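No lab work stands behind these numbers, since they all come straight from the coordinates. None of these values were measured; they are calculated from a predicted model. Note that each Cβ is placed from the backbone with ideal geometry, even for glycine, and that neighbours are counted across all protein chains shown.
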Amino acid sequence: MNLKPIPADRLPELLRGMPKAELHMHIEGSLEPELIFALAQRNGVSIPYASVEDLRRAYAFTNLQSFLDIYYAGASVLLKEQDFYDMAWAYLQRAAAENVLRTEMFFDPQTHTARGVAMETVVNGLHRACVDAQAQLGVSAALILCFLRHLSEEEAFATLEQALPHRDKFIGIGLDSSEVGHPPEKFARVFARCRELGFHLVAHAGEEGPPAYVWTALDVLKVERVDHGVQSSKDAALMRRLAADRIPLTVCPLSNLKLCVFPDLAQHNLGALLDAGLVATVNSDDPAYFGGYLNENFVQTFAATGLTAQQAFQLADNSFVASFASAAQKQAWRERLQAHFAGF
Ligand code: ADE
Ligand code: ZN
């Protein structure tokens, strides 16, 4: 699309107002400290923090694992179907306010089933919030079930079995948690089964792990999108492959900053990924922990890196193209995006 010039001081307004999709957001990572405390009280769960402020002070991460330890502790307050609904509904209201038209939300059932929470409690609460989001907020919301890669493939198979009675309530399968030492190929057989079952497939790869993990996510797991994938820029052949096959990367700038993947936002490689012709998108990952929801990711990244209005359009357009919605729905959203830029 040919854009008229937009002054840099109006970029935040453009970024916040443009229609967009979010494709990489862990719903458990949207649990704000206030909600953690409210749910802890409601459910009689004790947490090792004295106050909301005390908990927030613990959000000083040095790498992925230092975050995951606190993230799994925070999720321990989720027990009832209504808890899962309330968590998802809080995020979905926020998404609607940020002009997110489509969100594909990850959830980690093993974090909950390991504590004795039934699969149906998790899935039904999250799914009911998705249904209400469409009806009451006009937000199209879908779920992607993630296997925890620090656990075994056998446990992933057991999780899949438990989830299959609810297969109409999620659209895809992902792979998350501790990356280094747990390469995608550890889950080759369970992903092959999920592919036979007709699920969309994605995996975290190249967040902290090497480009080799992105290769095996593509060639062994046969994923349709790569979550993060920012380490791909270290491998020129991989960059050519991602561009040629138009494999989307769901990039999460504030997450990368908070987990020390990049020393500061100005050095983030989002612009380089776009310049190389990759279908890069912007996402919030775990917004309650990383200092911002989707619009904050856009605004802070553009301020730090000098990305342009043309690149804002490209990123939002990529987000719709890379989504798992129907072709007709994607086209309608892309036209809405074009109209928004034309009228800005
Ligand atoms: N689970 C939640 N957030 C994650 C991330 N950024 N990487 C891997 N697993 C996660
Ligand atoms: Zn993630």
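For the chain, what class follows from the C-alpha gyration tensor (a ≥ b ≥ c being the square roots of its eigenvalues): rounded when a/c is under 1.5, otherwise prolate if a/b is larger than b/c, else oblate?
Because its axes are fairly even, with a/c under 1.5, the chain counts as rounded.
Please list 3J(HN,Hα) in residue order for region 254-267, calculated via the Karplus relation 6.51 cos²θ - 1.76 cosθ + 1.60 where θ = phi - 60°; whole Hz, with x for glycine and proline.
5, 4, 4, 5, 5, 9, 6, 6, 10, x, 8, 5, 4, 9
Enumerate the calculated ³J(HN,Hα) couplings along region 24-30 in order (Karplus 6.51 cos²θ - 1.76 cosθ + 1.60, θ = phi - 60°), each rounded to whole Hz, writing x wherever the residue is Gly or Pro.
With the stated coefficients, region 24-30 comes to 8, 8, 8, 4, 5, x, 9 Hz.
Could you tell me which trypsin sites (Lys or Arg not before Pro) in region 11-115 are loop residues by DSSP with no more than 16 other beta carbons within 10 angstrom of their beta carbon?
Counting only loop positions with at most 16 other Cβ atoms within 10 Å, the trypsin sites (Lys or Arg not before Pro) in region 11-115 are Lys80, Arg115.
From the helices alone, meaning DSSP H stretches of at least four residues, give me the mean residue ellipticity at 222 nm for the chain, per-run term -39500 (n - 2.57), in deg cm²/dmol to the nearest 500.
Helices in the chain give a 222 nm mean residue ellipticity of -14000 deg cm²/dmol.
Indicate the gyration tensor shape class of region 287-337 (rounded, prolate or oblate), computed on the Cα atoms with a ≥ b ≥ c the square roots of the eigenvalues: a/c under 1.5 is rounded; otherwise a/b larger than b/c is prolate and the rest oblate.
oblate
How many angstrom separate the Cα center of region 221-247 from the Cα center of region 113-134?
One Cα centre to the other: 32 Å.
Apply the a/c threshold of 1.5 to the C-alpha gyration tensor of region 233-329 and tell me whether it is rounded, prolate or oblate.
In terms of gyration-tensor shape, oblate.
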